Amino acid sequence: MTITYRILAALTVCLFVASAQAPNPPYALFQNAAITASGNTINATRVPVITQSGVPVYVDVTIQFNVDNNGNLSMSNGFPQIVPSPALLTSQFKPGTYAGPSTLLGGKARIVVSGPGIGAGGATQWSLSAAPGADSCTIPPSATWYVGSPSSGPYAARIATAKITNTDFSYGVAAGVSPSCQNTPSIKAGSWIYGALIGLSQTGNTLTITSFTSSGTVDNNAPQDTIVFTLQ
């Protein structure tokens, strides 16, 4: 077995171990990176590396191979190349408890925003859930969204299919409201079904959540319903 194959085998084992248990730092999370390949080159983008103190840093790793006449692989000179990942915009999202408008569920629509975290491909991920004591019909009851270009996020295909071009939002999906809430006044339930495509933006302490999905799980290029929450 050549040294190159030993490296690849070791990487495979590391990926398995990393997914099976939480190691003690320092360690790398290649399973959370965006891994692509072209020709003789493998790229791992935004590999989270957890330092001894538990702080994550991000690197981009490029590995290039030579192939001899017999098809044997060897590492090209100067590789692997490891550089710091460009900083992602963590946006202006703020964690905390938010209250909805007084006209929605008697002012009892409340959510808790959490983040930032590490999502698929190393993307910056945020999430929300209904706050303790919130009305059971709070919308959205939970959601996850990603910061960055809409064309490269996890929901890029849906955004492109719906022909959404607004770059002021970060996009994600929301959980659906309970069937018991479908006829609640002030709730446009059809826009908050399970898996609804949503866009979020924040200005100061104001968080705007917009659904681009209508009844029948149809994504649209225009907002179908919008709710504005305020940080408490």
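The values are calculated or read from the model by the stated rules, or taken from the named source; none is laboratory data. Predicted, not measured: the structure shown is a model, and the values here were computed from it. Glycine gets a Cβ as well: all are built from the backbone with ideal geometry, and neighbour counts include every protein chain shown.
Can you tell me which of GLY153, GLY199 is among the small types (Gly, Ala, Ser), under 21 Å from LYS94 (Cβ atoms) and modelled with pLDDT under 85? Steps first, answer last, please.
Numbers: GLY199 fails: modelled with pLDDT under 85.
Unique residue meeting the criteria: GLY153.
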Selected residue (criterion: surrounded by the fewest Cβ atoms within 10 Å (Cβ to Cβ)) from residues of region 137-172 that are touching a Lys or Arg at 6+ places or on another chain (Cβ under 9 Å) and within 14 Å of VAL113 (Cα to Cα): THR138
Strands (runs of 3 or more DSSP E) lying entirely in region 118-223 (those with 2 or more residues that are under 26 Å from THR97 (Cα atoms), touching a residue at least 40 places away in the same chain (Cβ under 8 Å) and more than 14 Å from the chain's Cα centre (by Cα)): 196-203, 206-211
Matching residues, region 45-65, being touching a strand residue (DSSP E or B) at 6+ places or on another chain (Cβ under 8 Å) and exposed (fewer than 14 other Cβ atoms within 10 Å of the Cβ): THR51, VAL57
Test result for ASP68, more than 16 Å from LEU207 (Cα to Cα), among the charged types (D, E, K, R) and surrounded by fewer than 16 Cβ atoms within 10 Å (Cβ to Cβ): yes
